[in-house]
Structure formats: structure tokens, C-alpha cells
Amino acid sequence: MDARTGLPVVGMVGAGQLARMTQQAAIPLGQSLRVLAVNADDGAALVCADVVLGDHRDLDALRRFATGCDVVTWDHEHVPNEHIRALAADGVVVHPGADALQYAQDKGLMRTRLSELGVPCPRWRRIGSREDLQSFGDEVGWPLVLKAARGGYDGKGVWVVDRPEDAAELLASGTELVGEEKVAIRRELAADVARSPFGQGATWPVVETVQQDGICVEVIAPAPSLPEDVADEAQQLALRIAGELGVTGVLAVELFETTDGRLLVNELAMRPHNSAHWTIEGSRTSQFEQHLRAVLDYPLGSTAPTARWTVMANLLGGPDDVEPKGIDERVHHFMAHFPDVKLHLYGKGMRPGRKVGHVTACGEDLEDLRARTRAAAEYLMNGGEL
């Protein structure tokens with residue numbers, strides 16, 4: 001408990017953009033947010049008053065960090081599961097807990113558990129050898145998708161292979177792999193929900209996520225032309241997964257909408273997620289405020305949209321030879337040209353493909369919003385004429 005305010009102290013392990021935006025949500029609530037940062041210049045460390053430096057893989061560092069926190073939560077899924085269990089054994093309140101988070105940390109465990117629950121997923125198999133791969137490919141057809149069971153994100157740790165020979169080097173590396181059928185999809189969707197320890201749940205509108213080279217570049221809320229019954233199915237599925245897995249906090253369920261109209265679960269994230277950044281401007285309660293409410297077991301806030309449509313475009317670092325110079329001047333011109341588009345920069349250095357910020361616009365004309373957010377993102381990252 002913060003002695004100055006009498007309000008709880010929330011500890012967030014990790015100091016990236018998710019922690020940075022959670023800090024912004026904590027301020028009007030009067031909550032104190034402590035972050036565990038690897039480096040003093042991490043995005044959230046630049047804006048939080050209470051920063052502890054340490055490695056999330058170091059149990060002693062985690063224990064020092066957790067001292068004085070009323071609850072500990074996560075900016076990412078990379079904290080060793082055994083460390084989370086050790087913190088809980090010490091009496092630290094952790095949300096989500098290790099029993100839930102393991103399914104976001106290990107794709108093999110996730111697929112096993114979801115299959116047991118009858119949750120619709122692509123056909124899959126653990127792959128440990130060329131024979132496993134050949135057998136699975138013969139069963140579901142080629143090409144196949146191979147995923148690293150642990151640690152992959154934003155297209156990293158994902159490979160499409162047309163034959164067993166394509167995976168020879170990968171198999172020899174000893175990487176623990178999960179194979180999945182390559183699903184014919186119409187588009188990708190995301191159902192973002194929140195669940196409190198009390199069991200209260202809340203859902204945001206189902207969104208469409210537009211991918212480029214495995215990285216989300218645009219989010220449209222709500223997903224255009226999604227039938228109401230399908231949207232309801234996605235929301236109920238996400239709430240059911242949250243309850244069955246014991247998730248507390250925000251849960252993002254990434255979905256495939258197949259060409260034959262089915263919904264299949266692709267990935268899970270048990271933390272604030274890129275697919276719901278639009279909620280900062282586009283919802284009565286953002287995912288970051290809702291995550292704080294949930295892990296503190298406060299009543300959850302309204303998720304009603306603030307506009308008919310909200311569009312978010314990610315700002316991605318480009319090639320090294322066009323690393324932005326004079327970004328301050330471009331921000332100036334951006335604000336003049338796009339006064340209705342909201343800018344969020346994460347305090348991160350540029351590198352190719354890295355998410356360094358996002359822009360969001362809300363309104364009634366979807367195509368105009370998409371055009372304006374795309375143009376704004378392009379100008380901010382690469383310059384050119386407005």
C-alpha cells in the first residue's frame with residue numbers, strides 16, 4: 001500500500017510500451033505503478049516514478065521487486081513459470097497466475113488444453129523429428145506452419161514449410177516445435193476480454209487485425225461486416241477461455257475467420273495486447289485501465305465504444321538507411337495535418353520492423369479513417385509529402 005495515498009501498489013514486470021501505457025492509465029486512478037526494467041531507458045522506465053532495475057529471469061530480482069507490491073502483473077510472458085510459482089509461494093499476489101500463464105508461454109500446452117476443452121483450433125501436433133513432420137504433413141496436407149513452442153512473437157518463431165527438407169536445419173537446432181495446418185482464412189480477428197479474480201468479465205467489440213509479414217499493422221474496431229452472431233460467438237469463446245484457464249486481467253484471443261466461416265483460435269496473450277490499443281480513445285474504459293481494475297479486483301469499467309469506428313495503425317521502424325531523422329519536425333507537421341489523429345510514441349529506438357508507436361482515429365467514415373491513419377503512419381516513419 002502506498003503510504004502517501006493509501007491506495008495499492010501494482011507491480012508490472014517489464015518496462016515496454018504496455019507498462020508505459022498502463023502507467024498513463026494508473027495516473028487518474030491514483031494508483032501507484034512500479035515497473036521492473038532491464039534498462040533505465042526502457043520505455044516505461046522513462047515515465048514511471050517507481051522503477052526497479054533487474055532481470056525478469058532472476059528470482060532474487062523478482063523478489064526484491066515484489067516487496068511492497070499489493071499485486072504483481074506482467075508486461076510480457078517471458079518470466080520463467082517456476083519463478084512465478086515461487087513468488088506465489090512467498091505470498092505475493094500475482095495476476096495472472098502461473099497456472100494460467102503457462103498456456104501463453106507454451107504453445108504445446110495451450111493447444112493441448114484448448115483441445116481438451118473442445119475449443120476450435122487448427123489441427124496441430126508436437127513435432128520432434130522429421131518423421132513427425134512427414135506424418136503430420138501427410139495427414140493434413142502441405143504446406144505446414146511450424147511454431148516455436150516458446151518465445152515467438154510478431155512473426156518471429158513462425159515458419160511455413162512445403163516439405164520436410166525445408167525444416168531440416170530447424171529440426172536439428174533442437175527448437176521445441178508445434179506443427180499446425182495452414183488454414184485458409186478470410187481474415188484475422190481478435191476478441192479482447194478482461195476477467196477479475198471475483199469472476200466478473202467484460203468484453204470489447206471484436207476487431208479485425210491486418211497483418212504484414214507476421215506483424216500487425218492495423219486494427220479496425222469493430223471488425224467490418226462481421227455478423228452479430230459470429231461476434232457474439234467470439235466474445236463468449238474468449239470469456240469461456242478466460243474462465244476455464246483461470247485468467248485474471250486482460251486476455252487477447254487471436255482468431256482466424258476461415259473461408260468457410262468458422263472461427264479458430266490462433267494465439268492467446270494474457271496481458272494488454274496490441275489488438276486493443278485502440279481502446280485508449282475508442283472505448284469508455286481502455287484495456288490498460290481495465291487491466292488495473294481486474295488485477296486489483298475492482299469492478300470492471302464500461303467497454304462501450306466512443307465512436308462508430310476506431311482505426312489504429314502501428315508505427316514500425318523501417319530499414320536502417322531510412323531511420324527517421326528530424327522526427328520532431330515530422331511530429332509538428334503531423335499534428336497540423338492530422339489534428340483528429342491521436343499519436344502514441346513509446347520512447348523506443350528505431351530498428352527495422354519494431355513497433356515504436358501507434359496512431360488512432362475515431363469517427364463515422366471507416367474508409368476515411370483507414371486512409372488518414374495509414375497516411376499519418378507513413379509520414380511519421382518515412383517522411384515525404386503531406
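Could you check the spin-label model distance between Ala304 and Arg262? Points 7 Å from the Cα along Cα→Cβ, value in nm.
My value for the distance between the label points is 3.8 nm.
Between Lys182 and Ala88, what is 0.36 nm times their sequence separation minus the Cα-Cα distance? Round to one decimal in nm. Don't skip to the answer; put the middle values down first.
Numbers: separation 94, 0.36 × 94 = 33.84 nm, distance 3.86 nm.
Extra length available between Lys182 and Ala88 comes to 30.0 nm.
Using a basic spin-label model with each label point 7 Å from the Cα along Cα→Cβ, how many nm lie between Trp142 and Asp213?
2.7 nm
Describe numerically, in nm with one decimal, the distance between label points set 7 Å from Cα along Cα→Cβ at Arg63 and at Asp365.
Roughly 6.1 nm, to one decimal.
For Ser32, list long-range residues whose amide hydrogen, built 1.01 Å from N in the peptide plane, is under 5 Å from its own amide hydrogen.
Val10
Does anything in the range 241-267 have its amide N under 13 Å from the 7 Å Cα→Cβ label point of Val230, and if so which residues?
Under cut-off, by backbone N: 255-264.
Using a cut-off of under 15 Å, list every residue of the range 358-386 whose amide N is near the label point 7 Å from the Cα of Asp340 along the Cα-to-beta-carbon line.
Answer for this model: 360-376.
Give the cross-link partners of Lys182 among the aspartates and glutamates, using a straight C-alpha distance below 15 Å as the criterion and excluding same-chain residues fewer than 8 apart.
Of all the aspartates and glutamates, those that pass the test against Lys182 - Cα under 15 Å, at least 8 places apart if same chain - are Asp138, Glu139, Asp162, Glu257, Asp260, Glu267.
What number, in nm² with one decimal, is the all-direction average of the projected area of the convex hull of the alpha-carbon atoms of the chain?
For the chain, the mean projected area of the Cα convex hull comes to 19.8 nm².
Where does each of Ser135, Ser302, Ser32 land when they are ranked from fewest to most other beta-carbon atoms within 10 angstrom?
Ascending number of Cβ neighbours within 10 Å: Ser302, Ser135, Ser32.
Take the chain, connect every pair of alpha-carbon atoms lying under 10 Å apart with a spring to form a Gaussian network, then pick out the residue of Gln134, Gln31, Gln102 with the largest mean-square fluctuation.
Gln134
Who wins for biggest fluctuation among Met350, Met12, Met110 in a Gaussian network model of the chain, springs between alpha carbons below 10 Å?
Met350
So how much slack lies between Val331 and Leu170, counting 0.36 nm per residue of separation and subtracting their Cα-Cα distance, in nm?
Values: separation 161, 0.36 × 161 = 57.96 nm, distance 4.25 nm.
Stretched fully, the Val331-Leu170 segment lengthens by 53.7 nm.
Taking other Cβ within 10 Å of each residue's Cβ, how do Leu144, Leu109 sort, fewest first? Show your work: numbers first, answer last.
Numbers: Leu144 25, Leu109 16.
With the sparsest Cβ surroundings first, the list reads Leu109, Leu144.
Taking only the alpha-carbon positions of the range 9-94 and ignoring solvent, what does the Debye formula give for the base-10 log of I(q)/I(0) at q = 0.22, 0.24 Å⁻¹?
Scattering profile of the range 9-94, log10 relative to I(0): -0.99, -1.16.
Read-outs throughout are calculated quantities, based only on the coordinates presented, and are distinct from any laboratory measurement. From a predicted model like this one, the values you see are computed outputs, not experimental measurements. For neighbour counting, all protein chains shown are included, and Cβ atoms are generated from backbone atoms with ideal geometry for every residue, glycine included.
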